[in-house]
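Okay, here's the structure, questions in a sec.
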Amino acid sequence: MEEAQQKQFQLIDIITRYFRGDEILSLGDLGVVRGVNKPQYTKKVEEILADFFHVERALFVRGAGTGALRYGFMSFLKPGDQILVHDAPIYPTSKTTLDSMGIEAIFVDFHQKEKVKKVIQLHPELKGALIQHTRQKMDDHYDIGKVIGHIRSMNPSLYILTDDNYATMKVEQVGVQAGADLTTFSLFKLLGPEGIGLIIGKADLIRKIEKMNYSGGSQVQGYEALEALRGLVYAPVMLAIQAEVNEKLVSNLNQGIVTGVKRAFLANAQSKVVLVELTEPIAEDVLHYANELGAAPYPVGAESKYEFVPMFYRVSNTFLTSDPTLNKKMIRINPLRSGTDTIIRILTQSIHKAQAKSQ
């Protein structure tokens, strides 16, 4: 919580160095302003975020995190190129982009330093690496900074792009602060507007992306940039509260407070959530009844501004790909803005109803 407060205070301090007070109390400007080819407020907010993340440039793009990743790939990859990825299911929208660009993914276990070294040596034509900050499999535990360092030491010419969706404002450093060339994430997941993504990192790569988005219809407008900034101001403390609830919930569930729960544990899947393993294969019915009891049955933007009741949901597709049996006996819970009492009440009643149905 202390670190989250400091992030909030730091961001506010930087904002006051770029905006006058009356400018903050406006909704921003519109249009392709001569000389900058974007709204002036958009440009100012990008400068603020570059300062906040200690990077050379920041750029808003449309398409949320997916769009940001796509432009990140396009800044250094061409059809037929190869990119290094973790030996795990690639996030579906990232895979779609790589497939549509004709990019070959070279898989290696990022936990195995020597294997990473061997694969890089065997593929001198590699152009870059994609590293997802949050976990793709339940047993993932690699340190993103160490992975970036390993890759850099083996081939300094490789471009490193990190997917920091669900990690930004929850971690001390995002990928580019740990040595990557570009970091991308969705601002919709950080209480911002729909469809807006951010790319931060090396100025030369971001200039290429900026040229790809020359047209007026591609520009993020000033009111959207300010809305994204307002979301970021509130995100760190809100996410810290959510993290505290997660930890308390796991502790309570593992003390046997809810009959029908075998165990619970924290996971970054992809957001930080509680995975609950049930004693019976009734996960689908539990989710059905949780919805009736007021829990959100699916995400909107995954931690977006619209999501405040706890979410009871199936485990992620990437987890199911690695172990399809999880679909019957495991659910994930994201507290969002709720407390443990609400979650335990809904979970207890949902399990009771599901067990009664199965008998």
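The values are calculated or read from the model by the stated rules, or taken from the named source; none is laboratory data. Predicted, not measured: the structure shown is a model, and the values here were computed from it. When we count neighbours, we look across all protein chains shown, and the Cβ atoms used for this are built from the backbone with ideal geometry, even at glycine. These area figures cover heavy atoms from the full protein model, side chains too; ligands, DNA and RNA do not enter into them. Shrake-Rupley method; radii C 1.70, N 1.55, O 1.52, S 1.80 Å.
Starting from the Cα gyration tensor of segment 285-328, take the square roots of the eigenvalues, sort them a ≥ b ≥ c, and report rounded, prolate or oblate (rounded when a/c is under 1.5, otherwise prolate if a/b is larger than b/c, else oblate).
oblate
Would you mind pulling out the separation of the Cα centroids of segment 225-301 and segment 4-56, in Å?
Centre-to-centre (Cα) distance: 33 Å.
222 nm [θ] for the chain, helices only, -39500 (n - 2.57) per DSSP H run of 4+, per residue, to 500?
Only helices count here, giving -13500 deg cm²/dmol.
Tell me the net charge near GLN6. Cut-off is 15 Å between Cβ atoms, GLN6 excluded, with +1 for each Lys or Arg and -1 for each Asp or Glu.
-2
Let me know the volume per residue of the alpha-carbon convex hull for segment 1-74, in Å³.
142 Å³
Quick one: among LYS78, LYS170, LYS329, which has the greatest mean-square fluctuation in a GNM of the chain with alpha-carbon springs under 10 angstrom?
LYS78
Working out 0.36 nm times the residue gap between SER157 and TYR298, then minus their Cα-Cα distance, what length gain in nm do you get to one decimal?
Extra length available between SER157 and TYR298 comes to 46.7 nm.
Let me ask something else about it. Set the Förster distance to 41 Å, then compute FRET efficiency between GLN349 and LYS211 from the Cβ-Cβ distance, nearest 0.05.
0.15
Less than 19 Å from a label point 7 Å out along the Cα-to-Cβ axis of HIS54: which backbone N atoms in segment 150-180 qualify, by residue?
It comes to 150, 162, 164, 167-180, nothing else.
Assuming 1.567 mPa s and 4 °C, estimate D for segment 227-345 with Stokes-Einstein, Rh taken as the Kirkwood radius over Cα pairs, in µm²/s.
So the translational diffusion coefficient is about 89 µm²/s.
Summing Lys, Arg as +1 and Asp, Glu as -1, what charge do residues with Cβ under 14 Å from the Cβ of GLU280 carry, GLU280 excluded?
Charge balance near GLU280 sits at +3.
Probe radius 1.4 Å, ligands and nucleic acids ignored: give me the carbon and sulfur share of the accessible area of segment 189-249 as a rounded percent.
Of the solvent-accessible surface of segment 189-249, carbon and sulfur hold 55 percent.
With a Förster radius of 56 Å, plug the Cβ-Cβ distance of ARG34 and MET1 into 1/(1 + (r/R0)^6) and report the FRET value to the nearest 0.05.
0.80
Could you rank the peptides 2-14, 64-76 by their average count of other C-beta atoms within 10 Å per residue, with the highest value first?
Those peptides, ordered most packed to least, come out 64-76, 2-14.
What is the helix-to-structure angle for 40-52, meaning the angle in degrees between its Cα long axis and the longest Cα principal axis of the chain, kept from 0 to 90 and rounded to the nearest 10?
70 degrees
Semi-axes of the equivalent ellipsoid for segment 247-311, please: Cα gyration tensor eigenvalues, times 5, square-rooted, ordered largest first, whole Å.
Over the Cα atoms of segment 247-311, the ellipsoid semi-axes are 21, 16, 11 Å.
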